[in-house]
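Everything on this sheet refers to the single structure shown next.
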Amino acid sequence: MASADSGEILGDSEVSAILLDAGGVLVFPRPGLVWPSLRAAGLEPDLATLERAHYHAMAAQDIEAQPPAPGTWWRNYMLTYAAACGASASQAEQLATQIALRPRSGSWAYAGLGVKDGLRALAALGLPLGIVSNSDGSVEGDLRRQGICYGPAAAGQEAEGVPMGVIVDSAVVGVAKPDPRIFGFALDALNVPASGTVLHVGDSLRYDVAGALAAGLQPVHMDPFGLCPVPDGHPHVRSLAALAELVSSRITGTR
């Protein structure tokens, strides 16, 4: 896997803004959504294993020649997810079907390990920050309830987490990654022009890396376990804290 250092991210340029995906960068499937079925199958994955399973599932999606057919993404995701938690092939099929049939409201509402500290480190850099997520209209509320971050509408209210300059939800704006137009909503709100000095951090080649490139931004692949199936041509980071350190070194001119 290509390692991510400040040179690979921007060369000699400075960072003008940072856009973050939500799923796989800030939030993950709620453990309470998957643990009952996994435990009934004799599996006992801890939180770290569940997060690793997410990245295995995303890597499996990224190597598919075509995007998933409508209505199949969640089950396909859970198929690889369950296998990464230790399920056999037959168990994974059954578990994926069981979990996919459950109501999904609030399913991506669990703050990842180290996310809050890493996001605070990014915020401390003083750069414009925003969220660009393919979601169902719930991402802003979920992020706020988890105490991760909140958007401009909540400014001045009692809200925990890091303030964001904008939170863009695909279901709200009517366009989804990899369509580059979705990034325009965030950039307009932040008053930052589209350029390679804007980072977009996401966990998917198909949606995040491809979308950022199409929008003229610098993609940064969140890839904690080195699972990227096509690692060349774009930088990778293992955590938000690592990204903050890299960007900070670029700002200060140190290595």
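Filtering the range 146-156 for residues that are exposed (fewer than 15 other Cβ atoms within 10 Å of the Cβ) and within 17 Å of the chain's Cα centre (by Cα) leaves a non-empty set. Contact map, the range 131-150: residues that are free of Cβ contacts under 8 Å to residues at least 40 places away in the same chain and in the same structural domain as Ala210 (by TED's automatic domain parsing) paired with residues that are buried (at least 24 other Cβ atoms within 10 Å of the Cβ) and assigned to a helix (DSSP H, G or I), Cβ distance under 8 Å, separation 6+ or inter-chain. Pairs shown: Tyr150/Leu143. When Leu113, Leu187 are screened for being part of a helix (DSSP H, G or I) and either assigned by TED's automatic domain parsing to the domain that holds Met222 or in contact with a Lys or Arg (Cβ under 9 Å, 6 or more places away or on another chain) (or both), only Leu187 passes. Checking each residue of the range 205-213 against the condition of being small (Gly, Ala, Ser), out of contact with any His (no Cβ under 9 Å at 6 or more places or on another chain) and under 22 Å from Gly165 (Cα atoms) gives no match.
Of all residues in the range 232-249, those that are buried (at least 21 other Cβ atoms within 10 Å of the Cβ) and part of a loop (DSSP other than H, G, I, E, B) total 2.
Kindly indicate whether Ala194 is free of Cβ contacts under 8 Å to residues at least 24 places away in the same chain, hydrophobic (A, V, I, L, M, F, W, C) and either surrounded by fewer than 19 Cβ atoms within 10 Å (Cβ to Cβ) or not assigned by TED's automatic domain parsing to the domain that holds Arg52 (or both). Spelling it out, Ala194 is indeed free of Cβ contacts under 8 Å to residues at least 24 places away in the same chain, hydrophobic (A, V, I, L, M, F, W, C) and either surrounded by fewer than 19 Cβ atoms within 10 Å (Cβ to Cβ) or not assigned by TED's automatic domain parsing to the domain that holds Arg52 (or both).
The values are calculated or read from the model by the stated rules, or taken from the named source; none is laboratory data. Quick caveat: nothing in here was measured; it's all calculated off a predicted structure. Note: ideal-geometry Cβ built from the backbone for every residue, glycine included; neighbour counts use all protein chains shown.
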